[in-house]
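Remarks on the structure that follows.
The values are calculated or read from the model by the stated rules, or taken from the named source; none is laboratory data. In this text the structure is predicted, and so the values were computed from the model without any measurement. Positions of Cβ are generated from backbone atoms using ideal geometry, with glycine treated the same way; all protein chains shown enter the neighbour counts.
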Amino acid sequence: MAASCKKCDPHDICEECPEWIFTLADLIMCMMGLFVILWVLKPGPKDEDRLKANAEMIKVLAGIREAFGHIPDPASTDPVDVEMLLRKLQTLKPHLGPGEGGETKVKRQGAEGTDPEVTKIRDGKKVSVGGRLLFEVGGAGLTPDARRDLDQIADQIRGHRQIVFVKGHASLDDFRDEVEP
């Protein structure tokens, strides 16, 4: 509430302000002006930030043009058109994986055979090397192919100090018809 003034009627509120309020307001306005000037004079973004922003802006503009059905001119030097053409080339020639005419970048770890990748039955803290080795129906001896595959697996694990766990499975379907279990 404003302080009462001796010159005014005691029942009226005096509208006079002390002089220090005007000085404070003037100082605050000068400080605001100073900060506005400092903000305007700040250095711009670095060149690498500007290039990153430009590359992302080109991708955004290419997306907008694609959304509106713009067809880029192949002879254009506009970076947005070049980006659109590169996107089209990537969709026309996707990376071909195995079975599609391409090669995988994953190094083959298993033995050569019917399954190119290592298969394991249970997930856990185990490493599986090898794959499925098949016996002949009703036979217990290793075929030359199975022996060669086992030699490849042995070369991979030789010298390691882990436990080697060999697991097999047999069922009545594996026996010849004339053999009794």
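List of remarks:
- Some residue of the range 15-29 being at pLDDT 75 or above, among the acidic types (Asp, Glu) and part of a helix (DSSP H, G or I): yes
- In the range 144-175, residue modelled with the lowest pLDDT [restricted to those that are more than 13 Å from Gly130 (Cβ to Cβ) and part of a helix (DSSP H, G or I)]: Asp174
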